[in-house]
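Structure first, commentary second.
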Amino acid sequence: MDILHTYFHELRETMIALAPSLLLGLLIAGMVHVFLPRGLIRKRLSASNAASAIRATLIGVPMPLCSCGVVPTAMGLKKEGASSGATTSFLISTPQTGVDSILVSATFLGWPFALFKVVAAFVTGLLGGMLVNHFDSTSKTEPQKIETDACSPGSEKETTQYPEEGRQKGRLMAIVEYALFDLLAVIDVWIVFGVLLAALIAVLAPPDFLATFPWTAGLGGMLLVLAISLPLYVCTTGSVPIAAAFIAAGMPTGTALVFLMAGPATNVVTIGAVYRVLGPRVLFIYLAIVIAMSIGFGFGFDFLLGDVSAIQSTDHSHGFVEIGLAWLLVGLLAFTIGRRLVSRVAKNTRLPQADLTLHVSGMSCGHCAKSVEDVLEAVNGVDQATAQLSSGLVHIRGKTLNVRYLTEVVEKLGYSVDDAPSRPS
């Protein structure tokens, strides 16, 4: 009974600490999305030089995209004419941090750690892009005149949507809708998982518990963390409470930094997308720079800031505002998760009669499925596209459907399509 009481106490403290910074970060991210000129990104990333890599990294660091959501966005940039170097810089830097993640990191791990992580993401993304520009002879590409991904910055659909939406509903509504449905709805499950796991770690692993195990320190601990985090989908914001709990239990802060850098920057979907769209040489550079720089910055943090406490105390009295924000976050999480479940059940019970069905591999979250649906529905002749995340099947309705072209459109997002699409008999 005492363990259960302690667990719910830790759960409460973690949620109260998380809510203000996460909600503020989502609000700022929505403002950036609404007020940022839509054509700014694609116009400045086409050159295969250091300047384009710097711009891509500067754009990517504050952008709140998860490691899965960044794939269609980056592939859209590539399709619009961004160089491979700029695309790589964006892919590496964006999922490691964001305005929401920065504020959450500062809350749980302190501003020195949060700012160090921002610098690490910037340097890693910049070096990755510059190396790709130097070693990859195909890094410069011409813009392709095909329909763009609706999630891609600068796409035509997005370009016309938000200015009009801002006039009709007001910019505040556009900010709230983007923060709630395009950001929180993508990471909500990871936020819940991170909070639940962080509270469990705090209960099962008392302070300095992991310090008694030598394998958690030094290069061995970092390599173990890399082996676990590289292939997995890791949400940078949702994993911060987990990292904080591990540090409190005795894990070296540098090792936790490796987890927070390499985990969000890579996963199986991202690796496959980079290989298919940018090629094996870029993939090698991409993985090498993420691994080397995460370990390097892990050692660097322990050397430079090892004496600085990376744990912020969350166990203190809270005011009505903090508690109210925590309940607001709980309500929003319940709303976005429940809304998605209801939509999924309704969609599965009322599947459209498909004129063509594609089997798409690599969709691992609702953002992925929505990206595939949007890019297919932007193709002339497609009336409706419905993606089933569990099975990977995408049901398409329309006239004069070109299977090869539809396959190419999906693969340009970084996903793979089965060679044998099915048609109704």
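The values are calculated or read from the model by the stated rules, or taken from the named source; none is laboratory data. A quick note: this is a predicted structure, and the numbers were derived from the prediction, not measured. Don't worry about glycine lacking a Cβ; one is built from the backbone with ideal geometry, like all the others, and counts go over all protein chains shown.
Tabulated data
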item: Residues of segment 326-374 that turn out to be in a helix (DSSP H, G or I), under 19 Å from the mean Cα position of the chain (by Cα) and either modelled with pLDDT under 75 or in the same structural domain as LEU11 (by TED's automatic domain parsing) (or both), as a count; result: 2
item: Output for segment 212-252, where each listed residue is under 22 Å from the mean Cα position of the chain (by Cα) and among the β-branched types (Val, Ile, Thr); result: VAL225, ILE228, VAL234, THR236, THR237, VAL240, ILE242
item: Long-range neighbours under 9 Å by Cβ, at least six apart or interchain, first residue farther than 16 Å from GLY414 by Cα within segment 366-395, second of a type in the set (S, T, N, Q) and assigned to a helix (DSSP H, G or I); result: GLN388/ASN348; SER390/ASN348
item: Some residue of segment 202-211 being modelled with pLDDT under 80, closer than 25 Å to LEU333 by Cα and charged (D, E, K, R); result: no
item: Residues of segment 173-213 classified as under 14 Å from LEU22 (Cα atoms) and not in a helix (DSSP H, G or I), total; result: 0
item: Meets criteria (within 16 Å of the chain's Cα centre (by Cα), of a type in the set (Gly, Ala, Ser), over 24 Å from LEU23 (Cα atoms) and crowded, with 24+ Cβ neighbours inside 10 Å) for GLY76; result: yes
item: Residue that is nearest to LYS399 (Cα to Cα) [pool: residues in segment 308-325 that are within 28 Å of the chain's Cα centre (by Cα) and modelled with pLDDT of 70 or more]; result: LEU325
item: Breaking point among (1) at pLDDT below 70; (2) touching a Leu at 6+ places or on another chain (Cβ under 6 Å); (3) among the acidic types (Asp, Glu), for ASP188; result: (1)
item: Of all residues making up segment 166-195, the number that are over 22 Å from GLY98 (Cβ atoms) and in contact (Cβ under 8 Å) with a residue 40 or more places away in the chain; result: 1
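Condition check ((1) at pLDDT 85 or above; (2) part of a helix (DSSP H, G or I); (3) among the β-branched types (Val, Ile, Thr)) across all residues:
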| site | (1), (2), (3) |
| --- | --- |
| VAL104 | yes, yes, yes |
| PHE108 | yes, yes, no |
| ALA114 | yes, yes, no |
| ALA121 | yes, yes, no |
| SER137 | no, no, no |
| THR159 | no, yes, yes |
| TRP215 | no, yes, no |
